[in-house]
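Below is one structure, written out as structure tokens; comments come after it.
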Amino acid sequence: MTEEEQKLSPKQRSRRNFLGQSLFTAGAAIAAPSLLNSCQNKTVSASNALVEGETMIGLKINGQLKTLNIEPRVTLLDALRENLGLTGSKKGCDHGQCGACTVLIDGQRAYSCLTLAIMQEGNEITTIEGLATEDNLHPVQTAFLENDGFQCGYCTPGQICASVALLEEVNNGSVSYVTRDLTNPPELASLSESEIKERMSGNLCRCSAYNGIVAAVQQAAGQTPPSPAASIEHSQVG
Amino acid sequence: MNQVIGKSVNRKDGRAKVTGEATYGAEHQIQGLVHGYLVTATIAKGSIRTIDTQKAEATPGVIAVFTHKNPPKVFKPTNNWMTSKIYEARLPLSDNTIHYAGQIVGLVVADTFERARDAAQQIQIEYETQPVEVNAQQANYQKAKSMFGEDMEYVAGEFETGDFSAVDTATVEATYTTEVEIHAPMEPHALVAHWENNDSVTIYEPTQWVKGSQRTYAELVGLPPERVRIVSPYIGGGFGCKAFPWPHGILCVTAAKEIKRPLKVVVSRRQMTANTGHRSHTEQTIRLAANKEGKLSAIEHTAKSCTSPVDVFTEPCTGITPVMYTTPNMKLKQELAVLNVGTPTFMRAPGENPGMFALESAMDELAWELNIDPIELRLRNETKEHQRKKLPFSAKHFAECLTTGAEKFGWSDRQMQPRSQQQGDLLVGWGMASATFPALRSSVEAKVRLLDDGTAHVLTAGNDMGTGAYTVIAMTAAETLGLPVENIRVELGDSMLPNGGLAGGSQMTASLTPAVLAACQSVLETAQAQNAQEAFAKLRESGRAAYEATASSAPGEEGKKFAFNSWGAHFCEVTVDEEIARLRITRWVSVMNIGRVLNSKTAASQIRGGVIMGIGQALMEECHLDPTTGYPVVYDLATYHFPAHADIPRIEVSFVGEPDLDFNPMGVRGCGEIGITGVAAAVTNAVYHATGKRIRSLPITPDKLL
Amino acid sequence: MKNFTYVRANSIEDAVSRATSDRQAMFIAGGTNLVDRLKVFLDEPSQLVDVSRLEMKQIERTNTGSLKIGALVTNTALANHIEVRRNYPLLSRAVLAGASQQIRNMATVGGNLMQRTRCPYYYDTAFPCNKRQQNTGCPATTGMNRTHAILGASESCVATNPSDMSVALAAIDAVVEVEGVQGKREIPLIDFHRLPGNNPERDTNLEPGELITAVILPPLSFSQSGVYLKLRDRASYAFALVSVATALEVAGDKIKTARVALGGVAHKPWRAMEAEEFLIGKAANKSNFEQAAEIALQDAQPLAHNGFKVELSKRAIRRALAVSAQGGGLA
Ligand SMILES: Cc1cc2nc3c(=O)[nH]c(=O)nc-3n(C[C@H](O)[C@H](O)[C@H](O)COP(=O)(O)OP(=O)(O)OC[C@H]3O[C@@H](n4cnc5c(N)ncnc54)[C@H](O)[C@@H]3O)c2cc1C
Ligand code: FES
Ligand code: FES
């Protein structure tokens, strides 16, 4: 058992294992976030060489090592979009105020616009492009599609990455601002709408597909969400 | 017709959007691309005395700097609604005058985004400043000129000769205000301009009007339209602010020609707040008079809004008044003032939205005054005809929206007394309001191809900014051709395709699907087949690769016989924790009458999107300028709040009514904007029911509930 | 963003010595505040010293019964740590009230303490600002100041501190451990942040080159009563208009100890000591809470647009104390 697992209650541990397996079978494997303690030291050596001007750095993105030549001031988001052609991560605000640029760093969701690419050397970065396999969408992607969790689609990669992380966080027994009893974290099967909404609030959607997104998270959490469709109350024959 | 039409169908463009494959305007990867960063004015009125670009030019990676001293060559466009249209009549960098803070005063081009941004900050400008006019309360209002031909002033009945002599039991007179709101689409304004040989250009830019944008840019660069190509397959939200070129777009396209490199310009979120449109502040006074049964005898509606010094846009709030309730005496007045602000523009239900906030609030006040249920009051005053056009409405089911909504919401349990419903320590309020939006359509074309691989392609230069156009077009074709939706491929957003019209005024679906229907029928005729399968068989027999047909569809004489509007009703529940001024919306029911519903899933999302934007307007959306300098102090998504997940309840959407076949052969009226109308009034009406407090100034931030 | 040189510090000493020898150097940890500021040219460091890989990521119990939080513990890790959830629920709740999950995953305890004001005038170089550049003026005093300070402000600055975490830390009597070239020292949290006075450019009493290494939470026997209430314009992902952290120790029917701290109202997390003192020995009832709230705000000096914060703060205090009196929880 890892140190962080020891800190979980036995109930949380078993839940984590159980759900961890069932949930992500169809999706890409994502490193479990180490929620209760922040990331352990990375393999990248803490070399303290001064970096000036453009430098060659290596980033692990969607399981592949990419090298690029950039100035240290380039954010992870701009490196993805401008240097690596990975435009799935969106720039909505460039200031951590919208969530469109959400990616997973070592399995934890983060805004790629607020971190420098050079700071992420050695970390596992997963973007929207890395969630589906060739044949299968990630279950969260499918849930978004079926529940109409988007309209224009611009916030969508961020919403999906955030949702993927959210499920894993709940699996790991994390709490939110609206969790009534902080010593008793909610479980996926009974995760309430207000919990989902609070936990997803770092992803804005101006098209306001919020109902569909919540439904998609519910579906991915194994719940049965209400239908996203309208009810049609009158004969439409004509 | 009803194999797929009306069903709940997943989006055609869904897979591309959930996998990150959907490529938005400025994301197109082009070899040799360079980056432009805008320099914007930090004063709101005055002129540039000196502008020093030397330091910026010396910054590593800088390729060019444009200011009013060396603006790229641009031609003046016709700028009427028909041939070309730009949002702001003043062309960028045309002189050294500053009309509003955030006005573009320069463009820096460099090899990377970081270097362009850094160099832009190095530009030193000395200004001659003048006192600014940014206070809407103290502005100088004048009678507003019409924007589309119809006089904005109107009088009927006793108002024709003077004032209305109120002898009725009840009158309500009140003033309602809304704050400046911004569209804030999640995709910022951005484009790439790629010139070839100085005589043709491809512009990758999100646009709600592909062909209009093509014609306009063609005029701006002095080329025939066929030498300008617009590529806009996906739009990350528009809501009215991505229909015509803005100054940054003009600058990008013209500068790219001069530097002979593909150029990308992304407007930063901050810059966007000031220089790519907003909904004006509005102030409306409404006077209602009614007898004790609640029959309206007079409606007087005066509206004020503001525009910029460089273009005219009036927020037409009074347009809804003759549409909603019948009365013999009516007076409408619309006034406009000029402020040192960026140019306001169409924003989801321009006019209808603030107009319905005022009218539906006043109706609620009248209902309380007369002690009549607000639904009943509306039913008693429903109008069968458009009172200015004097034409009957076609396929109108407004009353059914009210009654169906009431039943779904459980309205009959409502206590007719403010502060009468409680849930623990919380006050609970129920409110309702009506919704309306005109049905519009325009002349468009679509091409349909049947291919020997068993698929059909639909091609048109329309677009889908999240409205579901890809999907309803595919569904229309699938239905008409007798094919599964999966076998239809839809291509939109490219000016090489037939004219697909404008995604604005909620008209794209109403315009395009009849053309798609006609093109499908026509291609079957060409093939002399009953359905696509027969046509495919003939293709195989004949060895041809494809059948193809193009058809157009346009409004006809129907507008002389009928007035066309969509209708709806919103019902909401709020809770108010009075001690700490915490307001939450806990329940929402919307019932809409929009003619035929093509896709019950995407149509529901459109209505929900409207409702939620309306909730934002009701609860939190407001821009502010510094009173002295006129510079924005609300300028990004942390200072401009619009709803997050946590603000929004489940929104139950239903549709009533039959297809409106008098309007078009598909019977669809469109649903992009109606959802937002009336929303803010439903909320303030519910707040009144909960607390006894009438809020007439939006948004209802916590300070207003103390 | 100006260009800078970047270096990954390999030890606390390395970090401190670099920041001490180069006055234009800055530490970067989670980056969620600094990268944001760099993009709009609020800071133009010559060198970024990346401290994010240093060993300051542990949460451990000390032999005096305190809880020591490493400066690089993320906000998420802090809020979710079982000891924090159990023994300092108001801290857990305050951290969770801030920003969004994505930011909390990246943000560190040290960075959170050092985040700068969200005053829109400070945040845009188009305006003068005494905090950015001394003696240039404060346009907020006469401008739009709905979100600004009502307590402890000065003529030169009316900005507020935006941190939620710090408000709870103030109520807990936390201590900040810092290390400079001279060695380690401890600063009580309530003395860590400063009032603006004539030097609004200084947010804290950290000396140049000093690095925050940990925050120490002393034991709090009545921690279960802790409450953090945040009132804002949007239900989530918004800074506080007003927030309040409270805790009460009640013995018999009398209050033995009270903690009241306010956020969103001043240049620093605001401990309402006089209100706390008033409550000692009083019954935990509505009228005493009302009086405590009055006392807490008696020196408030609202500006043109933020008068409502005075009333809102009082009500928030009343509510939070009432919930604390009932044993704490979600307010
Ligand atoms: C959109 C948005 C919303 C937000 N909402 C909230 C909110 O509601 N409530 C709230 O409390 N916060 C909020 N935040 C702020 C967030 O909490 C801070 O950005 C975060 O805590 C900063 O931590 P960091 O590790 O990322 O700091 P960094 O950005 O890395 O650093 C911030 C500052 O601290 C200095 N620094 C960092 N570590 C140390 C150290 N160990 N010793 C000395 N100096 C150090 C840096 O030099 C820098 O000046 C929000 C931020 C954003 C962008
Ligand atoms: S682009 Fe990163 S949060 Fe908006
Ligand atoms: S789908 Fe358009 S912003 Fe979310």
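Assess whether B:Asn353 counts as being under 14 Å from B:Lys292 (Cα atoms) and crowded, with 19+ Cβ neighbours inside 10 Å. No; evaluated as a whole, the condition is false for this residue. One residue is enough: does the stretch B:303-310 have a residue meeting the conditions away from chain A (no Cβ under 14 Å) and over 23 Å from B:Gly505 (Cα atoms)? Among the residues of the stretch B:303-310, at least one is away from chain A (no Cβ under 14 Å) and over 23 Å from B:Gly505 (Cα atoms), which makes the answer yes. Looking only at residues of the stretch B:585-607 that are within 7 Å of another protein chain (Cβ to nearest Cβ) and among the charged types (D, E, K, R), we find that the one that is surrounded by the fewest Cβ atoms within 10 Å (Cβ to Cβ) is B:Lys601.
Yes/no per residue for (1) under 31 Å from the mean Cα position of the chain (by Cα); (2) modelled with pLDDT under 95; (3) facing chain A (nearest Cβ under 9 Å):
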residue: B:Ala16; (1), (2), (3): yes, no, yes
residue: B:Ile43; (1), (2), (3): yes, no, no
residue: B:Phe66; (1), (2), (3): no, no, no
residue: B:Pro92; (1), (2), (3): yes, no, no
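Of all residues in the stretch A:187-207, those that are within 22 Å of B:Ala638 (Cα to Cα) and away from chain C (no Cβ under 13 Å) have Cβ atoms under 7 Å from Cβ atoms of residues that are outside any helix (DSSP H, G or I) and of a type in the set (Gly, Ala, Ser), 6 or more apart or on another chain, in A:Arg206/B:Ala184; A:Arg206/B:Gly237; A:Cys207/B:Gly237; A:Cys207/B:Gly466. A Cβ distance below 6 Å, combined with a sequence gap of six or more or placement on separate chains, defines the contacts here; from the stretch B:620-640, residues that are more than 12 Å from B:His278 (Cβ to Cβ) and free of Cβ contacts under 8 Å to residues at least 60 places away in the same chain reach residues that are within 16 Å of ligand 2 (Cβ to nearest atom) and part of a loop (DSSP other than H, G, I, E, B) in the pairs B:Ala638/A:Gln97.
Within the stretch A:132-151, none of the residues are part of a loop (DSSP other than H, G, I, E, B), within 16 Å of ligand 1 (Cβ to nearest atom) and of a type in the set (Val, Ile, Thr). For the stretch B:667-706, a residue qualifies if it is under 16 Å from the mean Cα position of the chain (by Cα) and of a type in the set (Asp, Glu), and exactly one does: B:Glu673. Each residue in the stretch A:64-80 was checked for being more than 9 Å from every other protein chain (Cβ to nearest Cβ) and assigned to a helix (DSSP H, G or I), and 4 of them qualify.
Being in a strand (DSSP E or B), in contact with a Gly (Cβ under 9 Å, 6 or more places away or on another chain) and either closer than 23 Å to C:Ala77 by Cα or within 16 Å of ligand 2 (Cβ to nearest atom) (or both) is the filter here; which residues of the stretch C:179-220 pass it?
Correct list: C:Leu211, C:Ile212, C:Thr213, C:Ala214, C:Val215.
Within the stretch C:208-242, take every residue that is hydroxyl-bearing (Ser, Thr, Tyr) and within 14 Å of chain A (Cβ to nearest Cβ) and give me the one that is surrounded by the most Cβ atoms within 10 Å (Cβ to Cβ). Top of the filtered list is C:Tyr228. The residues listed here are C:Leu206, C:Leu211, C:Leu195; of these, the one that is away from ligand 1 (no atom under 12 Å from the Cβ) and touching a strand residue (DSSP E or B) at 6+ places or on another chain (Cβ under 8 Å) is C:Leu195. Pairs are defined by a Cβ separation below 6 Å, a sequence spacing of at least 6 or placement on different chains, a first member in the stretch B:684-706 that is within 10 Å of chain C (Cβ to nearest Cβ), and a second member that is part of a helix (DSSP H, G or I) and charged (D, E, K, R); the pairs so defined are B:Leu706/C:Glu311.
Annotation: B:Asp703 fulfils all but one of (1) surrounded by fewer than 22 Cβ atoms within 10 Å (Cβ to Cβ); (2) assigned to a loop (DSSP other than H, G, I, E, B); the unmet one is (2). Is one or more of the residues making up the stretch B:184-193 away from ligand 2 (no atom under 16 Å from the Cβ) and surrounded by fewer than 24 Cβ atoms within 10 Å (Cβ to Cβ)? No, that holds for no residue.
Tallying residues that are without any contact (Cβ under 8 Å) to a residue 40 or more places away in the chain and of a type in the set (Val, Ile, Thr) within the stretch A:57-81 yields 1.
Checking B:Gly32, B:Gly102 one by one, the residue that is at positive phi, surrounded by fewer than 18 Cβ atoms within 10 Å (Cβ to Cβ) and not in a strand (DSSP E or B) is B:Gly32 and no other.
Results for (1) of a type in the set (A, V, I, L, M); (2) within 16 Å of ligand 3 (Cβ to nearest atom), shown as yes or no for each residue.
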| position | (1), (2) |
| --- | --- |
| A:Thr102 | no, yes |
| A:Gly107 | no, no |
| A:Ser112 | no, no |
| A:Pro139 | no, no |
| A:Val170 | yes, no |
| A:Asn184 | no, no |
| A:Glu187 | no, no |
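Between B:Ala581, B:Ala618, the distinction of being more than 11 Å from chain A (Cβ to nearest Cβ), farther than 30 Å from B:Pro392 by Cβ and under 18 Å from the mean Cα position of the chain (by Cα) belongs to B:Ala618 only. Of the set (1) at negative phi; (2) more than 16 Å from ligand 2 (Cβ to nearest atom), all apply to C:Arg37 but (2). Residue count for the stretch C:22-57, restricted to those that are in contact (Cβ under 8 Å) with a residue 60 or more places away in the chain, more than 9 Å from every other protein chain (Cβ to nearest Cβ) and among the small types (Gly, Ala, Ser): 1. Looking across the stretch A:82-117, the residues that are in contact (Cβ under 8 Å) with a residue 40 or more places away in the chain, more than 14 Å from ligand 1 (Cβ to nearest atom) and of a type in the set (A, V, I, L, M, F, W, C) come down to A:Leu86, A:Val103, A:Leu104, A:Ala117.
A quick yes/no check of all residues on (1) surrounded by fewer than 23 Cβ atoms within 10 Å (Cβ to Cβ); (2) within 11 Å of chain B (Cβ to nearest Cβ); (3) more than 7 Å from ligand 2 (Cβ to nearest atom); (4) closer than 17 Å to C:Gly31 by Cβ:
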| residue | (1), (2), (3), (4) |
| --- | --- |
| A:Glu82 | no, yes, yes, no |
| A:Gly85 | yes, yes, yes, no |
| A:Lys91 | no, yes, no, yes |
| A:Asp94 | no, yes, no, yes |
| A:Ala100 | no, yes, no, no |
| A:Thr127 | no, yes, yes, no |
| A:Leu137 | yes, yes, yes, no |
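Of all the criteria given as (1) closer than 25 Å to C:Tyr123 by Cα; (2) surrounded by 24 or more Cβ atoms within 10 Å (Cβ to Cβ); (3) more than 7 Å from every other protein chain (Cβ to nearest Cβ), the one not satisfied by B:Val633 is (3). Pairs linking a residue in the stretch C:128-142 that is modelled with pLDDT of 95 or more to a residue that is among the small types (Gly, Ala, Ser), with Cβ atoms under 8 Å and 6 or more positions apart or on different chains, are C:Pro128/C:Gly137; C:Cys129/C:Gly137; C:Asn130/C:Gly137; C:Asn130/C:Ser156; C:Lys131/C:Ala159; C:Cys138/C:Ser156; C:Ala140/C:Ala159; C:Thr142/C:Ala304.
(1) more than 10 Å from chain A (Cβ to nearest Cβ); (2) in contact with a strand residue (DSSP E or B) (Cβ under 6 Å, 6 or more places away or on another chain); (3) assigned to a loop (DSSP other than H, G, I, E, B): which one isn't true of C:Ala126, the others all being true? So the condition that C:Ala126 fails would be (2).
In the list A:Tyr154, A:Tyr177, which residue meets the criterion of being in a loop (DSSP other than H, G, I, E, B), within 16 Å of ligand 2 (Cβ to nearest atom) and not small (Gly, Ala, Ser)?
Details: A:Tyr177 fails: within 16 Å of ligand 2 (Cβ to nearest atom).
Answer to the selection: A:Tyr154.
The values are calculated or read from the model by the stated rules, or taken from the named source; none is laboratory data. Values in this document were obtained by computation on a predicted structure and should not be read as measured data. Ideal geometry is used to build each Cβ from the backbone, glycine not excepted, and the neighbour counts take in all protein chains shown.
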